[in-house]
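Notes follow the structure.
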Amino acid sequence: MKSGKLTAACAAAAVLLLLSSQPGAAQEKRVRFNMAGAYPSSTAILGTGQLYTADKIKKISAGSLDVRFFEPGALVPANQYFDAIGGGSLDAAWSSLGFFTGKEIAFALFSSVPFGPEIGEYLGWMLFGGGEQLMQELARKFNIEVMLCGTIAPEASGWFRKEIKSPEDLKGLKMRFFGLGANVMQKMGVATQILQAGR
């Protein structure tokens with residue numbers, strides 16, 4: 001593994017750890033780094049997964065990698081994690097590449113694919129079909145390393161103030177959505193917006 005800084009993410013579903021290059025870090029016997037979370041630690045699965053990842057890194061490295069977790073926005077705003085890690089001002093973040101499709105639209109393949117494969121098929125593609133390698137190649141263009149940390153099911157529904165009976169009922173609605181799912185909803189007339197989970 002290259003020496004460097006970290007961030008993690010969730011996809012359609014992959015939870016990832018991204019790292020930015022930092023020469024010389026590997027020579028130290030103990031490396032300390034701050035990991036910013038994209039989700040409040042009290043959030044089921046995603047929030048607790050961040051804490052689990054930080055703890056596992058410490059245990060697997062026998063303490064040589066000392067990870068300190070920070071709640072969303074405590075170090076930098078969650079929507080700035082990508083630039084902060086790539087630029088070297090943030091050590092690590094546990095987030096979702098779907099929040100950063102403005103940097104590279106192909107990141108949507110790793111974050112909530114509507115009508116996409118089941119988790120077993122998705123992991124098969126990620127681990128044995130070149131998916132993880134593609135994800136890493138795309139992230140390296142931004143000085144970021146990424147590691148798969150887990151999976152979640154893709155977003156597939158919504159909560160509405162009134163019953164949706166036809167596609168026409170979606171036109172003009174405002175909805176939190178991201179990734180490829182947002183593109184689908186936009187085609188149906190929905191005004192989508194990305195809201196970081198920490199809000």
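Derivation of every value follows stated rules applied to the coordinates shown; laboratory data play no part. Here the structure is a predicted model, which means the values were calculated and not measured. Cβ placement follows ideal geometry from the backbone for every residue including glycine, while neighbour counts extend to all protein chains displayed.
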Chymotrypsin sites (Phe, Trp or Tyr not before Pro) in the stretch 35-89 lying in a DSSP loop, each with at most 10 other Cβ atoms within 10 Å of its Cβ, come to none
Taking the convex hull of the alpha-carbon atoms of the stretch 55-106 and averaging its shadow over every direction gives an area in square nanometres of 4.3 nm²
Of the convex hull enclosing the alpha-carbon atoms of the stretch 109-198, the direction-averaged projected area in nm² is 7.3 nm²
The lysines whose Cα lies under 21 Å from the Cα of Lys162, excluding any fewer than 8 residues away in the same chain, are Lys171, Lys174, Lys187
Spelling it out for Val31: with amide H atoms placed in the peptide plane at 1.01 Å from N, the residues 5 or more places away or on another chain with amide H under 5 Å from its amide H are Leu65, Asp66
Charge tally for neighbours of Leu173 with beta carbon under 15 Å away, counting Lys, Arg as +1 and Asp, Glu as -1, is +4
Restricting to lysines and to Cα separations under 28 Å from Lys29, and discarding same-chain partners fewer than 8 apart, the set is Lys2, Lys5, Lys56, Lys58, Lys59
